[in-house]
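Single-structure report; data block below.
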Amino acid sequence: MQKFVRKAGLVAPMDRANVDTDLIIPKQFLKSIKRSGFGPNLFDELRYLDEGFPGQDCSQRPKNPDFVLNQPRYQGASVLLARANFGCGSSREHAPWALEDFGFRVVIAPSFADIFFNNAFKNGLLLITLSDEKVDQLFAELYAQEGYRLDIDLANQVINTPSGESIAFEVDAFRKYCLENGLDDIGITLEQADAIRTFEARHRASQPWLFRG
Amino acid sequence: MAAQTLYDKLWDSHLVSSRDDGTSLLYIDRQLLHEVTSPQAFEGLRLSGRKPWRLDANLATADHNVPTTLIERRAGVAGIQDDVSRIQVQTLDDNCDDFGIELYSINDLRQGIVHVVGPEQGATLPGMTVVCGDSHTSTHGAFAALSHGIGTSEVEHVLATQCLLQRKMKNMQVRVEGELGRGVTAKDIVLAVIGEIGTAGGTGYAIEFAGSAIRALSMEGRMTICNMAIEAGARVGLVAVDQTTIDYIGGRPFAPSAEQWEAAVAYWRGLVSDPGAHFDKVVELDASTIEPQVTWGTSPEMVVGISGQVPDPADAESDTRRRGIERALEYMGLSAGQAITDIRLDRVFIGSCTNSRIEDLREAARVAKGRRVASTVKQAMVVPGSGLVKKQAEKEGLDKVFIEAGFEWREPGCSMCLAMNADKLGAGEHCASTSNRNFEGRQGYGGRTHLVSPAMAAAAAIAGHFVDVREFDHTPAPQALSA
Ligand code: SF4
C-alpha cells in the first residue's frame, strides 16, 4: 500500500447519489486475474458508448463526451467529489482497486456504504465524510472554477480550499496511522511477526500433525 | 475453567493476540486456494515483495471455471475454450509453480471442488482453522475445524502472515433430535433449518449443529449441513468430533502419521462443547417431522416440504415479506397455492460442494437405477465433486446407472452451481439442483433454481416434475451395485 502524501489534488465531480460498485466496475471485469489495470474500466458504462469486455483496448472505444471524467478540465484528477451512499452494492474489492488505478487518492462524500468503506482503506484510498451542506458548497466552487484543487492535509485532518478556507474532517486513528505509514493490514500484522512465530512454535509442539515440513 | 463451547475452544487455541477493540489475530492452519479469488492475492504478494509465510499450509485446486465435458478436459488447461476462464486457471497453475504451493491442476485425479478436495485429502482436520476465498468454506466445520470464508485481501493476508484478523462471534446451537424418515437426508435437514431461522438467522453467530439426528449422519451428510450454514447467515458451521469423524480421517494423505495418530485422536476427542456450555441462542428441530424439502423462491429460506404448496403473498405477515414473495413468484413463474409436485423441470443438476460426494451420488443412483429421465427434461447432469469421487463412483458402477437412465456423466468442477463455465440454465428454465443458492440468475441469466437433495433431484428427473422420493421404491443398497 502506498503512503498517503499531502498534495493539492485536482477535483472531479461524480454528481449523483447511490453510486454502486457495479457502476464503479461492472461484473464482467471480475474475471480478471489482476488487482491493477481496472482504471480504464472505472465507470465503464458511463464512460464509453459501447459495451465493455475484459481485455479490450479501451483507447479504441467510443467515449461518451458528456461523462465528466472524459472532459479535458478533469484530466489528472486525484480527488473525487461524490454524493450520498457512495460505493453501495456488492463487496467487490475491485471497486477501490479501479478508483486507485485510475488515479484517485481521495473520495469526499456525505456518506459511504459500509463494506466499500472498509475495502477502500484496506487499499490506501482516503474517504472523507462531510456534511451535505459542505459537499454542496464544494460542488458549487468546483463547477465555478476550472482547475479547482483541494489540499488534503491528513496529518492535521483538514481540507484547504483555494479560497483559503479550512474544513476539518474526522478519520479513525488506526486507519490514519496505516495511511500515513503506507501500512496495509499485512504490514501491521507483520509487526507482530515475533508473536506469530512464538505461537507457531507452541502450536507445532502440541499438534505436530498440522505441520508437514 | 468455565464450560466452553466447541467454538470457544477452537478460538482460544488459535488466538495469537487481541486488541482492545476485540480485533484478534487468529493463527490459520490451512488455506485452500482456487482460481477466482487468489490471483490478486498472489499479485499483491509480488508487488510488495512478500513471500508466503508457510508453504505447507496451503493447497490449491481449480474448480469454478473448469469445463466439465471430456472433450474440453482432454487437452488440459489449453483446451479451455473460454479465454478468460483459461487465463484464470492457467494463472493459478503459474502462481502455485512460482511460489511452490501444492496444486491439483485440471486433470489431476485429485482435482475437484475445493470443499470436496480438502476433506477428501485429509487436508481438513479436527481442531484446525481453515480459510478459503469462498463463502462455502463453512463446509469444513463438519470436522470440528474453525472455517471461515474470506475476501481476496484476506487471502493475501493469510498467505503473508498465516493469520486472519477476526472478531469473535456469538455461539448458536441448532439441535436436531430424533430419527429422520426414510428418503429424508442431510440436505433436507439444513433446508428445514434455514426455513426455520431465515437467511439472516445466523448472522454474527458460529452455529454448532448437534443432536442425535446430526450424530447419526455420515461425514458427507455433516458437510452438506455445514456447507449451507452460510445460507443461514453464519460464516461458521460446526459439528463436534465423534468416532464417525475419526474413522473418516484415518488413512487419508494429509492425516497424521502412524506415530502421531494416537496423540491426534486423543486431542480431537476433546473437540466437543462441554456440558453446560453457554449458547447465546438455541434452536431445536424434531427430525421425524422433516419432509423432503424443495425451495420455491429466490432465497434458500423460501422453502417448503414436498407435500406443500407455493405460498400466497396475501398470507404474508408483513408488507416487506409480501413484496418479497410476489417478486420471487414472478421471477420463478409460479402462482400462489400451486402444488410443489406440479412444478415441471427443464433441467436437473446433481453436483456442487453441497452434494457431489460419493454418498450423494449413491443416493441419486439408487433412485435412478433401472429408470429413465423423463422425455420432457432437456438435460439431467451429474457432476462429481472430485476426480477421486468420480473414480469411486465408476468403480461402483454408478456412472452406468446414470448413463443408462439418461443422465450426463461429467468431469469434476463447480459447473452449473454458478454457471461460470458453459453449464448454464436458459432464461425461464426450471432446474432441480442439489446446489446451495437459488438467487436470481445464479445458474444462468433468467434461470429458475429449486434446491433439493440428490435423491429428490434424481426422482424429479425421472418424473419430469417434483415428486416425493419416499414414494419411489428404493432398489438395493449401492454397495451391491458393484458386485
Ligand atoms: S460448487 Fe458452487 S458454491 Fe461450491 S464452491 Fe463451487 S461455485 Fe461455490
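The values are calculated or read from the model by the stated rules, or taken from the named source; none is laboratory data. It should be emphasised that the depicted structure is a prediction, and the values quoted were computed from it without experimental measurement. As a convention, Cβ positions derive from the backbone with ideal geometry for all residues, glycine included, and neighbour counts pool all protein chains shown. Calculation scope for accessible area: heavy atoms of the full protein, side chains included, ligands and nucleic acids excluded. Shrake-Rupley method; radii C 1.70, N 1.55, O 1.52, S 1.80 Å.
What the table below lists for this structure:
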item	result
For region B:206-265, accessible area per residue (1.4 Å probe, heavy atoms of protein chains only), Å²	30 Å²
10 Å Cβ shell holding at most 14 others, DSSP loop, trypsin sites (Lys or Arg not before Pro): longest site-free stretch of chain B	B:183-371
Within region B:92-160: Cβ-based charge dipole about Cα centre, in debye rounded to nearest 20 (Lys, Arg +1; Asp, Glu -1)	400 debye
By accessible area with a 1.4 Å probe, ligands and nucleic acids excluded, highest first: order of B:Ser212, B:Ser153	B:Ser212, B:Ser153
FRET efficiency for B:Asp286 and B:Asp56, using Cβ-Cβ distance with R0 set to 51 Å, rounded to 0.05	0.70
Carbon + sulfur, % of accessible area of region B:318-424 - ligands and nucleic acids excluded, 1.4 Å	46 percent
Proximal aspartates and glutamates to B:Lys9, defined as alpha-carbon separation beneath 12 angstrom and excluding residues fewer than eight positions away on the same chain	B:Asp274
Rounded to 5, the percent of DSSP beta bridges in the protein assembly as shown classed as antiparallel	30 percent
Cβ-derived FRET efficiency at R0 45 Å, B:Asp108 paired with B:Tyr331, nearest 0.05	0.70
Under 20 Å from B:Lys395, Cα to Cα: lysines that are on another chain or at least 8 residues apart	B:Lys369
Over region B:265-327 - Rg/Rh using Cα atoms and the Kirkwood inverse-distance radius	1.20
Distance between region A:12-28 and region B:353-372 - C-alpha centres, whole angstrom	45 Å
Ranked order, A:Arg197, A:Arg47 - accessible area, probe 1.4 Å, largest first	A:Arg197, A:Arg47
Separation of alpha-carbon centers, region B:90-136 and region A:43-66, rounded to whole Å	37 Å
Aspartates and glutamates with Cα under 12 Å of A:Lys63, excluding same-chain neighbours fewer than 8 positions away	A:Asp44, A:Glu45, A:Asp50, A:Glu51
Residue among B:Ile80, B:Leu329, B:Leu180 farthest towards the positive dipole end of the protein assembly as shown, charges placed on Cβ	B:Ile80
Interface size B-A, as summed buried accessible area [1.4 Å probe, Å², nearest 100]	3500 Å²
Accessible-area composition of region B:28-180, carbon plus sulfur, in percent [1.4 Å probe]	50 percent
Structure-based [θ]222 nm, chain A - -39500 (n - 2.57) summed over DSSP H runs of at least 4, per residue, nearest 500	-9000 deg cm²/dmol
Accessible surface of B:Met420 - all protein chains present, 1.4 Å probe, nearest 10 Å²	40 Å²
Solvent-accessible area per residue for region B:16-125 (1.4 angstrom probe, square angstrom)	34 Å²
Cross-link pairs B:Lys378/B:Lys400; A:Lys122/B:Lys281; A:Lys31/B:Lys168; A:Lys3/A:Lys122 - those with Cα-Cα distance over 22 Å	A:Lys122/B:Lys281; A:Lys31/B:Lys168
Those residues of region B:41-87 for which accessible area with every protein chain present is at least 40 Å² below the isolated value (1.4 Å probe)	B:Glu43, B:Arg50, B:Trp53, B:Arg54, B:Asp56, B:Val84
Modelled label reach - B:Leu15, point 7 Å along Cα→Cβ, region B:159-194 residues with backbone N closer than 13 Å	B:166-169
Cα-projected label distance for B:Asp312 with A:Ala155, points at 7 Å along beta-carbon direction, nm	7.1 nm
Principal axis box of region B:1-129, alpha-carbon based, largest edge first, Å	59, 34, 22
Rough spin-label spacing in nm, given labels placed 7 Å along Cα→Cβ, for B:Ala427 and B:Asp342	2.6 nm
Area of A:Glu200 that stays accessible when all protein chains are in place (1.4 Å probe, Å², to 10)	30 Å²
Rounded to the nearest 20 debye, dipole of the protein assembly as shown from Cβ charges on Lys, Arg, Asp, Glu	1020 debye
For region B:43-50, Karplus couplings with θ = phi - 60° (6.51, -1.76, 1.60), whole Hz, Gly/Pro x	4, x, 4, 4, 4, 9, x, 9
Buried on assembly, region A:189-210 (at least 30 Å² less accessible surface than by itself, 1.4 Å probe)	A:Thr189, A:Leu190, A:Gln192, A:Ile196, A:Phe199, A:Glu200, A:His203, A:Gln207, A:Trp209, A:Leu210
Computed accessible area, A:Trp209, all protein chains, 1.4 angstrom probe, square angstrom	20 Å²
Accessible surface, region B:305-414, averaged per residue in Å² (probe 1.4 Å)	41 Å²
Structure-based [θ]222 nm, chain B - -39500 (n - 2.57) summed over DSSP H runs of at least 4, per residue, nearest 500	-9000 deg cm²/dmol
Shielding by partners - mean other protein chain Cβ count within 10 Å, residues of A:28-36	6
Cβ-placed point charges (K, R +1; D, E -1), dipole of region B:264-312 about Cα centre in debye, nearest 20	260 debye
Carbon and sulfur %, accessible surface of chain A computed with the full protein complex present, 1.4 Å	49 percent
Rg/Rg_globular for the protein assembly as shown, with Rg_globular taken as 2.2 N^0.38 Å and Rg from C-alpha atoms	0.99
Cα-projected label distance for B:Leu70 with B:Gln243, points at 7 Å along beta-carbon direction, nm	4.2 nm
Dipole of the protein assembly as shown [Lys/Arg +1, Asp/Glu -1 at C-beta], most positive-end residue of A:Ile25, B:Pro256, A:Ile159	B:Pro256
Per-selection metrics, region A:112-174 (Cα): Rg and Dmax in Å	12.9, 36
Cα centroid of region A:172-213 to Cα centroid of region B:208-235, whole Å	31 Å
